[in-house]
Amino acid sequence: MKKSFYDLNYFDLETVINQNNLNGSAAAVLFNWHYKKKENTQCLDNISKSSLAFFENNFDFSLPEIDIVQESNKDRTVKFLFKLRDNHKVETVLIPFNNKYSICLSSQVGCAMNCSFCFTGEQGLKRNLTASEIVGQFIQAWRWLAKNRTGEERILNIVFMGQGEPLHNFDAVKKACEIFLSQHGTSIGVQKITISTAGYIPGLKRWSQEIPGVNLALSLHSPFEEKRNELIPINKKYPLDEVLTYIDKIPLNKKQFITYEYILIKDFNDSSVE
Ligand code: SF4
């Protein structure tokens with residue numbers, strides 16, 4: 001099976017080009033075509049025939065298929081159900097504000113964290129998404145906007161708050177972020193990306209070194225360990241106290257911030273005492 005083009009960050013792409021003695025400018029041309037212009041046709045812009053043939057023969061340019069689109073008449077939110085190559089499905093949501101959008105991406109099919117309030121958690125983890133399947137959600141949603149809401153195709157913020165625990169699929173999420181952040185790629189500002197976690201410490205340990213500058217959101221839902229254990233079972237393995245010490249170690253840039261998410265559940269976590 002061919003490797004997906006959308007699994008390559010810019011450095012990977014340059015490496016492929018150098019190793020195969022192709023024209024060095026092909027990297028910028030291809031990234032520009034697929035991520036800035038977001039074209040779904042073959043790239044014919046300033047690229048040699050031999051480079052083009054090499055990429056066509058060795059890489060797959062297909063994207064997750066849009067299976068269902070649901071649009072809210074009230075607030076114009078758009079929910080996509082994407083069908084993946086192996087027929088698994090994941091959701092992506094476009095959340096509008098002032099004719100611009102935040103996009104909420106999925107990182108896994110199902111999820112291993114089993115949070116008690118979450119339908120995805122009930123399904124268990126089916127598999128990790130690849131970087132191309134994460135980036136593909138973004139490109140397809142953007143193309144849908146360009147076609148269906150022409151003039152509004154501006155996705156300003158990316159939030160990893162869809163299906164899955166992003167830090168449990170760290171390598172693919174990291175690679176997708178590298179593509180989003182690349183000035184040759186979608187060129188999203190680092191402060192415009194937020195990754196939400198239930199408190200998966202192995203990922204938090206890697207955060208500062210590997211995805212510096214990206215915003216973090218912690219699913220808190222209760223400051224009390226016992227209550228949090230009920231809502232987020234991995235709290236038993238990675239207790240909140242320990243999670244917070246790792247979060248405190250993240251050196252924050254000027255515009256970087258930590259968000260704490262809290263679902264209010266009546267008579268459970270809506271009082272100031274345990
Ligand atoms: S980590 Fe997120 S997706 Fe996974 S079970 Fe918890 S709430 Fe659901």
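The values are calculated or read from the model by the stated rules, or taken from the named source; none is laboratory data. Source: prediction; values computed, not measured. Neighbour counts are summed over all protein chains in view; Cβ atoms, including those assigned to glycine, are modelled from backbone coordinates with ideal geometry.
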Only one of 80, 97, 61 is over 19 Å from the mean Cα position of the chain (by Cα) and away from the ligand (no atom under 16 Å from the Cβ), namely 97
Complete set of residues in the stretch 197-221 that are surrounded by fewer than 20 Cβ atoms within 10 Å (Cβ to Cβ), under 16 Å from residue 113 (Cα atoms) and over 16 Å from the mean Cα position of the chain (by Cα)
201, 202
Could you check the stretch 108-126 and list, in sequence order, the residues that are more than 22 Å from residue 269 (Cα to Cα), small (Gly, Ala, Ser) and near the ligand (Cβ under 9 Å from one of its atoms)?
110, 112
From the residues in the stretch 218-263 that are within 18 Å of residue 203 (Cβ to Cβ), assigned to a helix (DSSP H, G or I) and hydrophobic (A, V, I, L, M, F, W, C), which one is nearest to the ligand (Cβ to nearest atom)?
234
Among the candidates 56, 152, residue that is away from the ligand (no atom under 16 Å from the Cβ), among the acidic types (Asp, Glu) and assigned to a loop (DSSP other than H, G, I, E, B)
152
Residues located in the stretch 1-53, provided they are more than 13 Å from residue 184 (Cβ to Cβ), in contact (Cβ under 8 Å) with a residue 60 or more places away in the chain and surrounded by 13 or more Cβ atoms within 10 Å (Cβ to Cβ):
4, 5, 6, 7, 38
Can you name the number of the only condition in (1) crowded, with 17+ Cβ neighbours inside 10 Å; (2) in a helix (DSSP H, G or I) that residue 194 fails?
(2)
Look through the stretch 70-93, keep the residues that are crowded, with 17+ Cβ neighbours inside 10 Å and out of contact with any Asp or Glu (no Cβ under 9 Å at 6 or more places or on another chain), and return whichever of them is nearest to residue 153 (Cα to Cα).
93
With respect to residue 49, determine if the residue is farther than 21 Å from residue 177 by Cα, in the same structural domain as residue 164 (by TED's automatic domain parsing) and among the basic types (Lys, Arg).
no
What number of residues in the stretch 2-56 are within 17 Å of residue 142 (Cβ to Cβ) and modelled with pLDDT of 95 or more?
2
